[in-house]
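What follows is a short report on a single structure.
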Amino acid sequence: MPTECKTYAAPACQVPLAPHTIQRRDVGEDDVAIKVAFCGVCHSDLHQVRDEWGKGIFPMVPGHEIVGHVTQVGPKVTKYKVGDAVGVGCMVDSCRECKQCKRDVEQYCVKGASFTYNSTEQDKTTPTYGGYSDHVVVRERFVCRIPDNLDLCAAAPLLCAGATTFSPLRYWGVKKGTRVGVVGLGGLGHMAVKLAHAMEAEVTVFTTSAKKFGAAKELGADRVVQSTDPEQMKAAAGSLDLIIDTVGMSHDLQPYINTLDIDGKINLVGMPENPHPPFEPKHVIACRNFVGGSNIAGLAETQEMLDFCGKHNVVAEVEKIDIQYINEAYERMLKSDVKYRFVIDIASLHK
């Protein structure tokens, strides 16, 4: 029989989140049941509950930065046992058979991945519900192990913010001495800085606010550029090998493209509501620059990221909140009034 699960959910578009109850499926033969301890609050949660990307499924239980402990495993589960500290990120299933799934890039599943919430199971009918809940049931393949030395609360954002920024850093071969730029210093941006710094890259942060210079340096930036200052941007021209652009709003890419060296690349990971303005093709052709993007990370790469973070003691900077505060947290997030990620203490569900 399905088990009752307490959650916080958006009953409808533009309606504040409130207590809600859902049914989680029984533990199947390859399933892992997890008591959720903490869940990060991603900016995409806000986009989704306000249906800014369209096709919202309501009631909606957000949350895809989930950490907790295993409470039950199915008979075919081999990687986890009761009590293990584990995490669940942006996906809970995929077809597992297409060429992309076989390459361990399930986020690009040809038949469509099942995302952790506001999506459907592989039957394309049953809605998925996220981590603003007291427990989840997930297939073993889509569960990751959390290194023992990482604080569980601060590790939660690694499951999205960490994976989303680690993936392009790894894909483009960042290593010691690679000149990496990071646009934006929010939840994604601060993880990009920390990860690139741990890879021994030379890190430049672009920010619109001079007030963030000190914070960027504390996170590991070697150089900070105020992107609203034309002279500072001009001085940075041609100086970077790779830019990770984490900004989730439409903005002009050309000033950042101008800071790329020959063969430089700009990798978009922030998902805007509207298209970015056009950029100048003559410039990217003349400098053999590339503008592209990437979407989260596959499960193998997510586990690699977690192991890397364990080795280098990398976690997110977080503000822990009770779930009853979530609507206020969303309003603060809109104002960039968080340093750098809200994380929900799921024990507060039972207050």
(request) Using a 1.4 Å probe and ignoring any ligands, DNA or RNA, find the accessible area of F308 and quote it in Å² to the nearest 10. (result) 20 Å²
(request) Divide by every residue of the chain the summed helix terms, -39500 (n - 2.57) for each DSSP H run of at least 4, and state the resulting mean residue ellipticity at 222 nm, rounded to the nearest 500 deg cm²/dmol. (result) -6500 deg cm²/dmol
(request) Could you pull out every residue, at least 5 positions away or on a different chain, whose amide H is within less than 5 Å of the one on V225? Hs are placed 1.01 Å off N in the peptide plane, and Pro or chain starts have none. (result) V205, F206, T207
(message) Using a Cα-Cα cut-off of under 19 Å, which lysines could be cross-linked to K335, ignoring same-chain neighbours fewer than 8 residues away?
(response) K211, K212, K320
(request) Do me a favour and compute the ellipsoid semi-axes for the range 136-222 from its Cα gyration tensor, root of five times each eigenvalue, largest one first, whole Å. (result) 26, 15, 11
(request) Taking all protein chains together and a probe of 1.4 Å, list H251, H43 from the most accessible to the least accessible. (result) H43, H251
(request) Rank by packing, highest mean first: peptides 53-60, 253-260, 75-82, 309-316, with packing defined as the count of other Cβ atoms within 10 Å averaged across residues. (result) 253-260, 309-316, 53-60, 75-82
(message) At 1.4 Å probe size, what's the solvent-accessible area of E317? Round to the nearest 10 Å².
(response) 70 Å²
(request) With only Lys, Arg, Asp and Glu charged, each at its Cβ (+1 for the first two, -1 for the last two), find how big the charge dipole of the chain is about the Cα centre; round to the nearest 20 debye. (result) 420 debye
(message) How large is the accessible surface of K339 in square angstrom, using a 1.4 angstrom probe and rounding to the nearest 10?
(response) 120 Å²
(request) From zero up to wherever the largest Cα-Cα distance of the range 162-293 sits, split into 5 Å bins and tell me the percent of pairs in each. (result) 2, 11, 23, 26, 23, 11, 3, 0
(request) Go through R139, R288 and list them by solvent-accessible area, largest first, probe radius 1.4 Å. (result) R288, R139
(request) Please compute the Cα-Cα pair-distance distribution of the range 265-316 with 10 Å bins starting at 0, giving whole percents from short to long. (result) 19, 32, 27, 21, 2
(request) Starting from the Cα of K351, step 7 Å along the direction of its Cβ; do the same at A12; then give the gap between the two resulting points in nm. (result) 2.8 nm
(request) Calculate what fraction, in whole %, of the accessible area of the chain sits on carbon and sulfur atoms when a 1.4 Å probe is rolled over the protein chains. (result) 53 percent
(message) List the pairs from K6/K76; K176/K282; K176/K265 whose alpha-carbon separation is above 20 Å, in the order I gave them.
(response) K6/K76; K176/K282
(message) Rounded to whole Å, give me the distance from the Cα center of the range 154-181 to that of the range 183-215.
(response) 11 Å
(request) Could you order V318, V180 by accessible surface area, starting with the largest, using a probe radius of 1.4 Å? (result) V318, V180
(message) What number comes out for accessible area per residue over the chain if the probe is 1.4 Å? Units Å², please.
(response) 44 Å²
(message) Give me the tail of P(r) for the chain as a percent: Cα-Cα pairs with distance above 40 Å.
(response) 11 percent
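The values are calculated or read from the model by the stated rules, or taken from the named source; none is laboratory data. All values reported here derive from a predicted model rather than from experimental measurement. In this analysis, Cβ positions are derived from the backbone assuming ideal geometry, glycine residues included, and neighbour counts consider all displayed protein chains. Areas reflect the complete protein model, heavy atoms only, side chains present, ligands, DNA and RNA absent. Shrake-Rupley method; radii C 1.70, N 1.55, O 1.52, S 1.80 Å.
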